[in-house]
Amino acid sequence: MIENLRIVERNKASKGARFLNFLIDRTVIILFFVGLGFLAATLYQFFEIEFLIKFVYKLEGLTRFEDILLGWITYFLYVFITEYFCNGKTLGKLLTGTRAVSIDGSKPSGKEFFIRNISRLVPFDAFSFLGDIGWHDSWSNTRVVDDKKFLNEINKNTEIDEIGNKGLL
């Protein structure tokens, strides 16, 4: 277990990769809302289906606070659901070859993913990764690792352990 902690710390993703994850995942949310508007307009234009266009018009009338809250909730759901069901990866992490793991190297639990993502509500959390460890990583006992390097080192250690165990037999 201690060795896995060291492996996680040695293979943390770079700050550049973390920032790129943030930009890509934010872009996914923007594209979601643009796509929703496009779908609403298309359904209305070609099929005179009004329910979605009415919803989009209601979104236009949101106050600044409501708009920020909707964006945060959407981002929370996107990151929580994709990290939980895609083994610690969002689209940003997939494209940068990174993943979220527990500090012991295992897949985070649902609780850890929840804490990790609810922590993003803290103002300026998005830039906390510029320090040593991001707040949402620290509070949830998770880290973002370079997936290829991390898995290679885990596999190497597993092979070494297997060789050692064969020698004992």
Please specify each residue of the range 32-45 satisfying the condition of being open to solvent by less than 100 Å² (accessible area, probe 1.4 Å) and either within 31 Å of the chain's Cα centre (by Cα) or β-branched (Val, Ile, Thr) (or both).
-> Phe33, Val34, Gly35, Leu36, Gly37, Leu39, Ala40, Ala41, Thr42
Subset of the range 76-128 that is part of a loop (DSSP other than H, G, I, E, B) and touching an Asp or Glu at 6+ places or on another chain (Cβ under 6 Å) - its residue that is surrounded by the most Cβ atoms within 10 Å (Cβ to Cβ) | Thr90
Just a yes or no: is a residue in the range 64-82 in contact (Cβ under 8 Å) with a residue 24 or more places away in the chain and under 30 Å from Lys156 (Cβ atoms)?
-> no
Report the residue count in the range 1-31 for those that are crowded, with 16+ Cβ neighbours inside 10 Å and among the hydroxyl-bearing types (Ser, Thr, Tyr).
-> 0
Residue ranges of helices (runs of 4 or more DSSP H) in the range 1-75 with at least 1 members in contact with a strand residue (DSSP E or B) (Cβ under 8 Å, 6 or more places away or on another chain) and over 23 Å from Phe124 (Cβ atoms) = 2-10
Take Glu48 and decide whether it is on the phi > 0 side of the Ramachandran plot and surrounded by fewer than 14 Cβ atoms within 10 Å (Cβ to Cβ).
-> yes
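The values are calculated or read from the model by the stated rules, or taken from the named source; none is laboratory data. The structure displayed is predicted, hence computed values, not measured ones. Here Cβ is always computed from backbone atoms with ideal geometry, including for glycine, and neighbour counts include all displayed protein chains. Keep in mind that these areas ignore ligands, DNA and RNA; they rest on the heavy atoms of the full protein, side chains included. Shrake-Rupley method; radii C 1.70, N 1.55, O 1.52, S 1.80 Å.
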